[in-house]
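To start, the structure under review is shown below, and the notes come after it.
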Amino acid sequence: MGSKGRSGVARWQNQFAAALHETDAHRLAKCIEVAEAAVLVRLETMTETGAGDWGERDAIADALTRLEILKRERLGFYASSSIDRLRNAGLCVA
């Protein structure tokens with residue numbers, strides 16, 4: 001994987017890790033929003049360029065599920081999940 005593809009992986013993973021480790025509830029919502037956006041950008045890149053692999057797609061699906069759990073348990077959000085929206089859009093098969 002080229003350096004450009006690797007930076008896309010690192011970006012979503014770093015944003016995801018930041019959300020997982022955020023302890024302030026007021027900042028958590030923004031961290032989750034930024035992490036989800038980074039994941040969407042990576043999925044779009046993967047779709048357009050064929051970058052990434054099934055392992056990364058599985059990791060993304062897991063990350064989105066964990067972000068949904070954070071939203072529900074820490075912020076009280078109960079909306080349709082990001083992973084369901086991605087599946088419906090054909091961007092995620094996990």
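Things worth noting here:
- For the stretch 39-44, the Karplus equation 6.51 cos²θ - 1.76 cosθ + 1.60, evaluated at θ = phi - 60°, returns couplings of 5, 4, 4, 5, 4, 5 Hz by residue, with Gly and Pro reported as x.
- Given charges at beta-carbon only (K, R positive; D, E negative), |dipole| of the stretch 25-65 in Debye: 240
- In Hz, Karplus ³J(HN,Hα) per residue of the stretch 46-52 (6.51, -1.76, 1.60; θ = phi - 60°; x = Gly, Pro): 4, 5, 6, 10, x, 6, x
Every number in this text was worked out from the coordinates using simple rules, so none of it is lab data. Just so it is clear, the model here is predicted, and its values are computed rather than measured. When we count neighbours, we look across all protein chains shown, and the Cβ atoms used for this are built from the backbone with ideal geometry, even at glycine.
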